[in-house]
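Since the structure comes first, as structure tokens, the remarks are kept for the end.
The values are calculated or read from the model by the stated rules, or taken from the named source; none is laboratory data. No experiment lies behind these values; they were computed from the predicted model shown. With ideal geometry, Cβ positions are generated from the backbone for all residues, glycine too; neighbour counts draw on all protein chains shown.
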Amino acid sequence: MAKKVLVSGGAGYIGSHVTVELIGAGYDVVVADNMSNCDMTCFEGVKKITGREDIPFYQIDCCDYEAVDKLFAEHKIDAVIHFAAFKAVGESVAKPIMYYRNNLVSFLNILEASKNHGGCNVLFSSSATVYGEAENLPVTEQTPRLPATSPYGNTKQMCEDILRDVVLATAGGADGQGVVKGIALRYFNPIGAHPSALIGELPRGVPNNLVPFITQTAIGKRECLSIFGNDYPTEDGTCLRDYIDIVDLAKAHVAAVSRMLDGKMKQDYEIFNVGTGRPVSVYELVTAFEKVNGLKLNYKFAPRRPGDVVAIWADTKLANEELGWKAERTVGETLASAWAWERHLAGK
Ligand code: UD1
């Protein structure tokens, strides 16, 4: 029988792409989402891409333990991929209590239900934000985490630690409790959309992230892209990031889940960077977008954005070797997919 994976936050940007890849790899998937930051567009897209109308969907809030417990009682969950969280850095600074409550309680509930229902494999969606402004680049999983500069970043660090502690406490099934094993994936900058253009990033309001801002400017929804800072100590003066294609990122989740379910973990709690290993500057990304899509983007150089790190990119050796995974799509392909998705949304 196919193993069953619960995807919390599965109607969102990353969750929907992961659901598609999991189904493609033969897993049964249950999706849970409270729809606080998305509509049904992506979930409907997932059904179209996979040809599966019957994917179980629960509109629940993972902060509601009873609802989570009920879901675990109704399905024998073999693994959970936990995406259900708030993710806007600036908003987290303004509303720390809301961020801590939502991001921590929902994860605690997932872990508690995992433990109470006979044990489970838990994959946590972490972020390269845990490294902060790293001294040595690229960063490996051993690179020390620096104090978080926002409540959002802090919830990523705290959830990693909570997962590690729960794994440790349940090891060997002490006190008859279910064993929890865990993997944290630290994503660099996920961008792009599914090649079908049926699912993609759907930011509410003015996008904070670079690529949605680029595509919305190109389509005419925004007047002008501001490139935040061109006086950084980099070759062209703009920040360096490791932009990871969303489908590649989704495939890393399938590799990590398989590793857990096939008993291939070397430790009960593991961490992997998920990036391309290649730094790309903001300016390079903008010009690559113009080139691959054959258009001119209206952009200007603007002051630095507070809180941005100059440069970060991944050492991906561990993920390449242990997960047997590596990023495949080129930045050009990814930027073409982001543009196709924006046009799809605009009906063009
Ligand atoms: C941000 C978050 C990170 C989070 C990630 C989720 C910060 C400091 N970090 O990463 O914690 O995990 O989003 O995707 O907020 N840029 C522009 N103009 C724009 C938007 C962005 O020039 O309109 C630049 C930024 O200055 C940055 C780069 O583009 O150099 C990438 O920005 P963004 O997409 O927001 O991602 P990060 O800031 O790297």
Which of the residues that make up the range 126-137 are surrounded by 21 or more Cβ atoms within 10 Å (Cβ to Cβ) and either over 15 Å from the mean Cα position of the chain (by Cα) or more than 10 Å from the ligand (Cβ to nearest atom) (or both)? Tyr131
Test result for Leu123, closer than 25 Å to Ala255 by Cβ and over 20 Å from the mean Cα position of the chain (by Cα): no
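Test of understanding: among Lys266, Lys300, which residue is surrounded by fewer than 18 Cβ atoms within 10 Å (Cβ to Cβ), more than 15 Å from the ligand (Cβ to nearest atom), over 17 Å from the mean Cα position of the chain (by Cα) and of a type outside the set (Asp, Glu)?
On the way: Lys300 fails: more than 15 Å from the ligand (Cβ to nearest atom).
Matching residue, one of Lys266, Lys300: Lys266.
Could you list, in sequence order, the residues of the range 85-112 that are under 20 Å from Ser8 (Cα atoms), within 15 Å of the ligand (Cβ to nearest atom) and of a type in the set (A, V, I, L, M, F, W, C)?
Applying the first criterion (under 20 Å from Ser8 (Cα atoms)) to the range 85-112 yields 85-88, 98-112.
With the extra rule that they be within 15 Å of the ligand (Cβ to nearest atom), the set shrinks to 85-88, 99, 103.
Within the range 85-112, Ala85, Phe86, Ala88 meet the criteria.
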For the range 171-200, what are the residues that are away from the ligand (no atom under 16 Å from the Cβ) and either part of a helix (DSSP H, G or I) or at positive phi (or both)? Ala171, Gly172, Gly173, Ala174, Asp175, Gly176, Ala197
Scanning the range 310-348 for residues that are free of Cβ contacts under 8 Å to residues at least 24 places away in the same chain and not in a loop (DSSP other than H, G, I, E, B) gives Asn320, Glu321
When the range 9-49 is checked residue by residue, the ones that are within 19 Å of the chain's Cα centre (by Cα) and among the acidic types (Asp, Glu) are Glu21, Asp33, Asp39
Being under 16 Å from Ser106 (Cβ atoms), touching a Ser or Thr at 6+ places or on another chain (Cβ under 9 Å) and not hydrophobic (A, V, I, L, M, F, W, C) is the filter here; which residues of the range 1-33 pass it? Ser8, Gly9, Gly10, Gly15, Asp33
If we scan the range 50-64, do we find a residue that is more than 14 Å from Ser8 (Cα to Cα), over 18 Å from the mean Cα position of the chain (by Cα) and aliphatic (A, V, I, L, M)? no
Report, ordered by the first and then the second residue, all pairs with beta carbons closer than 7 Å, sequence separation of six or more or different chains, a first member in the range 207-221 that is under 17 Å from Phe301 (Cα atoms) and free of Cβ contacts under 8 Å to residues at least 24 places away in the same chain, and a second member that is among the polar types (S, T, N, Q) and within 11 Å of the ligand (Cβ to nearest atom). none
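If you check Leu168 against the conditions, is it assigned to a helix (DSSP H, G or I) and not acidic (Asp, Glu)? I'd like the intermediate steps shown before the answer.
Values: assigned to a helix (DSSP H, G or I): yes; not acidic (Asp, Glu): yes.
In short, yes.
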Cβ-Cβ distance below 7 Å, separation of 6 or more or different chains: which pairs start in the range 55-71 with a residue that is assigned to a helix (DSSP H, G or I) and end on one that is not aliphatic (A, V, I, L, M)? Tyr65/Asn109; Tyr65/Glu112; Ala67/Asp61; Val68/Cys62; Val68/Asn109; Leu71/Tyr58
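Determine whether Gln157 is within 15 Å of the ligand (Cβ to nearest atom), touching a Lys or Arg at 6+ places or on another chain (Cβ under 7 Å), at pLDDT 95 or above and closer than 25 Å to Asn320 by Cβ.
So Gln157 passes the test.
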Residue pairs qualifying under the 6 Å Cβ cut-off, at least six apart or on distinct chains, with the first in the range 238-266 being closer than 23 Å to Val20 by Cα and the second being basic (Lys, Arg) and more than 15 Å from the ligand (Cβ to nearest atom), are Asp245/Arg329; Asp248/Arg329; Met260/Lys181; Leu261/Lys3
Tally up the residues in the range 215-237 that are more than 8 Å from the ligand (Cβ to nearest atom) and of a type in the set (A, V, I, L, M), please. 2
